[in-house]
1. Tell me the carbon and sulfur percent of the accessible area for the chain, rounded to whole percent, probe radius 1.4 Å.
2. Among the listed pairs K42/K83; K42/K160; K83/K159; K42/K159, which are separated by more than 27 Å between their Cα atoms?
3. Per the Kirkwood treatment, what hydrodynamic radius in Å, one decimal, follows for region 4-164 from the mean inverse distance over all distinct Cα pairs?
4. Tell me, in nm to one decimal, what length is gained between D124 and A140 on full extension, where the rule is 0.36 nm per residue of separation less the Cα-Cα distance?
5. How much length would be gained if the chain were fully extended between N3 and E71, taking 0.36 nm per residue of separation minus their Cα-Cα distance, in nm to one decimal?
6. Please report the base-10 log of the normalised intensity I(q)/I(0) for region 86-167, using a Debye sum with one equal scatterer per alpha carbon and no solvent, at each q in 0.15, 0.22, 0.27 (1/Å).
7. Taking only protein heavy atoms into account and a 1.4 Å probe, give the accessible area per residue of region 19-167 in Å².
8. Which FRET efficiency value, to the nearest 0.05, do you get for E102 and A155 by plugging their Cβ-Cβ distance into 1/(1 + (r/R0)^6) with R0 = 25 Å?
Amino acid sequence: MKNSAIYPGSFDPLTNGHLDILKRAALMFEKVVVTVAVNNKKTALFSGEERIHLIREAIKDKDWSSRVEIELFTGLLINFARKRNINILLRGVRQISDFEYEFRMALTNRRLAPEIDTVFLMPDEQLTFISGSIVREVAAWGGDLTSFVPDNVAAALRKKFEDLNGI
Ligand code: PNS
């Protein structure tokens, strides 16, 4: 489908960096399907459903949110894209260090599905240091998450670590 793109990731949890990329994408495409991967080898902090809920809450008041769909996916991303008839994958690239992994993944996906292309977007430069792992680490030690994640995600992280620590 033309004018649609898939924005895949773990989103464990959604960060302000993801949100910045998603906004850019939603202003560029008529439809952006955020696909939340639940088959990653990484152990997730939030369940797939929780991650979807956090994204939905974070974008609900944005004037571009009607162009965003959010779905879980397992298996190969290209199979999901083919099923949805979408041939653009979006990935955010923050720094040169991201590029090696992203380049390998994009070329693997292209080898598997030549009709599907990956488009890289850069977030605002102020957000380039933010990652899911940094956010989880700051949250685990009770740090201030204000500039890292949307407010609803910060609240969910606080609760998650209170529950995990039995507070
Ligand atoms: O947010 P992440 O963890 O960097 O996202 C990585 C993700 C989920 C996009 C990637 O691991 C993925 O596409 N996984 C599904 C399996 C697949 O299709 N891999 C691509 C071939 S390497």
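The values are calculated or read from the model by the stated rules, or taken from the named source; none is laboratory data. Since the structure is predicted, the reported quantities are computational estimates derived from the model, not experimental observations. Here the Cβ positions follow ideal geometry from the backbone for every residue, glycine too, while neighbour counts run over all protein chains shown. Heads up: the accessible areas ignore ligands, DNA and RNA and are worked out on the full protein's heavy atoms, side chains in. Shrake-Rupley method; radii C 1.70, N 1.55, O 1.52, S 1.80 Å.
1. About 52 percent, which is the carbon plus sulfur part of the accessible surface.
2. Pairs exceeding the cut-off: K83/K159.
3. Numbers: mean 1/r = 0.0621 Å⁻¹.
It works out to 16.1 Å.
4. Details: separation 16, 0.36 × 16 = 5.76 nm, distance 2.55 nm.
Taking D124 through A140 to full extension adds about 3.2 nm, to one decimal.
5. That pair, N3 and E71, stretches by 22.7 nm at full extension.
6. -0.70, -0.97, -1.21
7. Solvent-accessible surface per residue comes out at 61 Å².
8. Numbers: r = 31 Å, r/R0 = 1.23.
Plugging the Cβ-Cβ distance into 1/(1 + (r/R0)^6) gives 0.25.
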